[in-house]
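As structure tokens, the structure follows; a few thoughts come after it.
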């Protein structure tokens, strides 16, 4: 098997853990940083009503995570994350009908009082530029001020991607492309490969969103296609509806940036059936590739997005396919064999207990009403004990072990999966 054949069978999906080693915060780290911010004495980021509102929402999240844990008889212990907070802010901001307890009831009066106090502060400051509600301000500050800060990375910590670059350099004459789907908004992948004149194609040409299919038309965009499913820190939407890369905007275009979509990202899970580009075409591409490919390498993703999970589960249930989870720790507490290295344990075929626990954990997320307004429509059953394959390994070790030496170990892994698939389909 060649590296091209192995890549043609494989899809790579990156979560926050894939960028963690560079200095980017993961969801829990973001929430911890936010808690520190709202306990500061100064009002440099949040004023008093904003801090009080966040304290209330965080308490609400603690309540719901405890409740979710009890619903599983504490088989799985859930903890709050920043996406849940963003989802909660959006629900309150949009006055959605579905609001989790204890926001409803008497607590609604507290929120109204904080809203009034916030408006009084704006009036006293005579800040006519900020005609926004309390919860609109929280959404804006987290997205525009704190989120970019939390996703700042160290350029000296990008060498973990060296093994991937070496594949392209050592096989420069081979005609193959690596397709990477990312749930992250950071610029780690782009920054690293730009240094080596290997800029990934993200759907833009001459600062115009052309879509990922434009690659096939022009065929001049390098060897990596990067599908940023939830947008990017360097994307903005103009008041005209056009989507641009911010650092390439002309002066007149910069004056037209919609403040609500700077940066242009989806932040906070929940229903993400966006019918506008680029998100619609990106998720459409994701679904098409799930149908076309056989092995889904899910790297550093916590599975807390039911919409993405639906697409993964539906795809893996349709055929003899496999979700390979790459994470040094994942979900429920699992008893690991401490006497072997993670990648050695990863290649151990006797993994039914671990994989079974992971399947239960994902199914518990899919069934929970907090993450989805209509959880009964979620795909919450993963068919087949071999549909999940857990690699207890960090992202840096994964790239180094499987992609060094012309990706021989990666090719061997795909070959092993292929043989297992053939044996199961033709047992006699």
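Between residue 133 and residue 115, the modelled label-to-label distance comes to 0.5 nm, taking each label 7 Å out from Cα in the direction of the beta carbon. Packing, as the average of other Cβ atoms within 10 Å across residues, places the peptides 50-63, 275-288 in the order 50-63, 275-288, highest first. If you bin every alpha carbon distance in the range 1-59 into 10 Å steps from zero, what whole percent lands in each bin? For the range 1-59, the pair-distance distribution reads 19, 29, 22, 13, 10, 8, 0.
How would you rank 233-240, 12-19, 136-143, 295-302, highest first, on the average number of other Cβ atoms within 10 Å across their residues?
Numbers: 233-240: 18.2, 12-19: 25.4, 136-143: 19.8, 295-302: 22.5.
Ranking the peptides 233-240, 12-19, 136-143, 295-302 by packing returns 12-19, 295-302, 136-143, 233-240.
Using only alpha carbons, build the gyration tensor for the range 17-98 and give me the equivalent ellipsoid semi-axes, biggest first, whole Å.
Working: eigenvalues 103, 76, 32 Å².
The equivalent ellipsoid of the range 17-98 has semi-axes of 23, 20, 13 Å.
Quick check: residue separation of residue 424 and residue 2 times 0.36 nm, minus the Cα distance between them. What number comes out in nm? Each step should come with its number before you reach the end.
Details: separation 422, 0.36 × 422 = 151.92 nm, distance 2.32 nm.
My answer for the length gained is 149.6 nm.
The Kirkwood radius of the range 158-214, taken over pairs of alpha-carbon atoms, gives through the Stokes-Einstein law at 37 °C and 0.692 mPa s a diffusion coefficient of 256 µm² s⁻¹. Projected label points at residue 140 and residue 253, each 7 Å from Cα along the beta carbon direction, are separated by 2.4 nanometres.
Please state, to two decimals, what the Cα-based radius of gyration of the range 378-428 comes to when divided by 2.2 N^0.38 Å (N = residues). Spell out each step's value before the answer.
Details: Rg = 14.3 Å, N = 51, 2.2 N^0.38 = 9.8 Å.
My calculation over the Cα atoms of the range 378-428 gives 1.46.
Modelled label positions at residue 56 and residue 190, each set 7 Å beyond Cα in the direction of Cβ, lie 3.7 nm from each other.
Read-outs throughout are calculated quantities, based only on the coordinates presented, and are distinct from any laboratory measurement. What you are looking at is a predicted structure, and each value in this text was computed from that prediction instead of being measured. FYI the Cβ positions are ideal-geometry reconstructions off the backbone, even for glycines, and counts take in every protein chain you see.
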